[in-house]
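K.L.:
Following this message is one structure expressed as C-alpha cells.
Bear in mind that the values in this text are calculations on the coordinates, not laboratory data. Predicted model only: the values in this text are computed from it and were never measured. Cβ: placed from backbone, ideal geometry, glycine included. Neighbour counts: every protein chain shown.
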Amino acid sequence: MGKVTVITSGKGGTGKSTVTAGLGAALVRRGSRVLIIDCDAGMRGIDLMLGVSGELVFDIADIVSGNCPPAGAIYPCKTVPELFVLPAPSDVRDEVSPYIMKQLVTVLKRYYDHILIDCPAGIGMGTQSAAAPADRAVLVANTEPLTLRGCDKVRQMLCDIGVSECRLIINRFVERSFRKLAAFEDLDAVIDKAGARLLGIIPEDGAAVGLAQKGLPIEGKHKAVYALDRIAARLDGVDVPLDL
Ligand SMILES: Nc1ncnc2c1ncn2[C@@H]1O[C@H](COP(=O)(O)OP(=O)(O)OP(=O)(O)O)[C@@H](O)[C@H]1O
Ligand SMILES: [Mg+2]
C-alpha cells in the first residue's frame, strides 16, 4: 500500500509543484513506483514540468464523472520510468471534493509505493481535497515571516482534518540572503515559527529547476538534486543527517 504525502504551503509560489516533481523523480531513483496527483484545479502545472502536457486528454475530473477509468487519466512520464501523473482539471469549477479524493486515492494507492499530491495555494477546498487522503504532509516554505505564517495556518487546517504528521522543507535557501534579511536569528527560529520538524533544506538552484520549466526531470549533478535525494531517503524512513 502506497504512502500518501500532500505537499502544501498556505502561501503561493514557495515551490510546491517544483518540489513535488523533483521529489517524485528522487523517489523513483530510490526504486519506488510513484504517482503525482495534481490538485491545483485551474492552475495545473505538474503535467508541464514532467513533459506530458502534449498528451493530456483526460484529467481527475473525468475519472470522477465517469468519462474514463482511473488508468485512462494517468500518464507515464516518458523520461522517468515508474513516475506517473494524474493531472488536475483545467477548469477550477471541476475541482474534486475531499470525500471523492479520499475514495479515489484509497483505490489508487494499491498500485504505487508513493503518492505525492500537489496543492494549490491557500487553505481553500482545493487544499482540503488534496490533504483529505494524506497520511502525512510536507510544508514547503522559505525563510520569510509571511510564508511561515501561511505554514502555521495550513498546519492547523491539517490538524483539524486529522493529518498530524507534518514536516518542513525550506526551499530556495540562500545563506547570505538569510543572514542579510535577519528576520530570524537562525534556522532553528524559522523551524519553530513553521511549527513542523525539518525534513530538509533545498538551496536556490536555477539550473536544476530550469529543467522542470522545460518539461525535463530534475536530475543530474545539481545541489538541489542532492538535497531532494536526501529528502526522499528521509521520506522512506532512512536516517540521513540534516545539513544545518
Ligand atoms: N530551489 C529552487 N531554486 C530556484 N528556483 C526555484 C526553486 N524552487 C522553486 N523555484 C521557482 O519558484 C517559482 C515557483 O515555483 P512553483 O511553481 O513550484 O511554486 P508553487 O508553490 O507550486 O506555486 P503555486 O502556489 O502558484 O502553485 C518557479 O519559478 C520555480 O522555478
Ligand atoms: Mg504549484
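K.L.:
Under a cut-off of 17 Å between alpha-carbon atoms, report the lysines in cross-link reach of Lys102, not counting same-chain residues fewer than 8 places apart.
P.N.:
Lys3
K.L.:
Let me ask something else. Check cross-link reach from Lys214 to the lysines: straight Cα distance under 28 Å, and skip same-chain residues fewer than eight apart.
P.N.:
Lys11, Lys16, Lys78, Lys223
K.L.:
A further question on this structure: In which sequence would Tyr226, Tyr75, Tyr99 go, from the one with the fewest C-beta neighbours within 10 Å to the one with the most?
P.N.:
Ascending Cβ contact count within 10 Å gives the list Tyr99, Tyr226, Tyr75.
K.L.:
A further question follows. Between Gln103 and Asp236, with labels modelled 7 Å along Cα→Cβ, what's the label distance in nm to one decimal, could you check?
P.N.:
3.5
K.L.:
Next question. Within 10 Å of each candidate Cβ there may be at most 16 other Cβ atoms; applying that plus a DSSP loop requirement, which trypsin sites (Lys or Arg not before Pro) in the range 1-88 survive?
P.N.:
Details: sites: Lys3, Lys11, Lys16, Arg29, Arg30, Arg33, Arg44, Lys78; in loops: Lys11, Arg30, Arg33, Arg44, Lys78.
Here the sparse-neighbourhood loop sites are Arg30, Arg33, Lys78.
K.L.:
I would also like to ask the following. Between the range 23-64 and the range 182-244, how many Å separate their Cα centres?
P.N.:
That distance is 20 Å.
K.L.:
Calculate for the chain the 222 nm mean residue ellipticity that helices alone would give, adding -39,500 (n - 2.57) per DSSP H run of length 4 or more and normalising by residue count, nearest 500 deg cm²/dmol.
P.N.:
On the way: 10 runs with 93 residues, N = 244.
Only helices count here, giving -11000 deg cm²/dmol.
K.L.:
Taking H placed 1.01 Å from N in the peptide plane, check which residues at least 5 places from Lys3 or on another chain put their amide H under 5 Å from its amide H.
P.N.:
His114, Ile115
K.L.:
Let me ask another. When Ser90, Ser164 are ordered from fewest to most other Cβ atoms inside 10 Å of their Cβ, what list results?
P.N.:
By the 10 Å Cβ count, ascending, the order reads Ser164, Ser90.
K.L.:
Give me the percent relative contact order of the range 176-244, please, defined on Cα pairs under 8 angstrom at least 6 residues apart.
P.N.:
Taking the mean separation of contacting Cα pairs over the length of the range 176-244, I get 29 percent.
K.L.:
For the residues Asp152, Asp59, Asp38, Asp113, what sequence is obtained by ranking on other C-beta atoms within 10 Å, fewest first?
P.N.:
By the 10 Å Cβ count, ascending, the order reads Asp152, Asp113, Asp59, Asp38.
K.L.:
To the nearest 0.05, what FRET efficiency results for Ser177 and Asp91 with a Förster distance of 51 Å applied to their C-beta separation?
P.N.:
0.85
K.L.:
How charged is the neighbourhood of Gln103? Take every other residue with its Cβ under 14 Å from the Cβ of Gln103, and add Lys/Arg as +1 and Asp/Glu as -1. Mind showing how you got there, number by number?
P.N.:
Details: positive: Lys102, Lys109, Arg110; negative: none.
It works out to a net charge of +3.
K.L.:
How many nm separate the modelled label positions at Ser164 and Tyr111, each set 7 Å beyond the Cα in the direction of the Cβ?
P.N.:
Going from the Ser164 label point to the Tyr111 one covers 3.3 nm.
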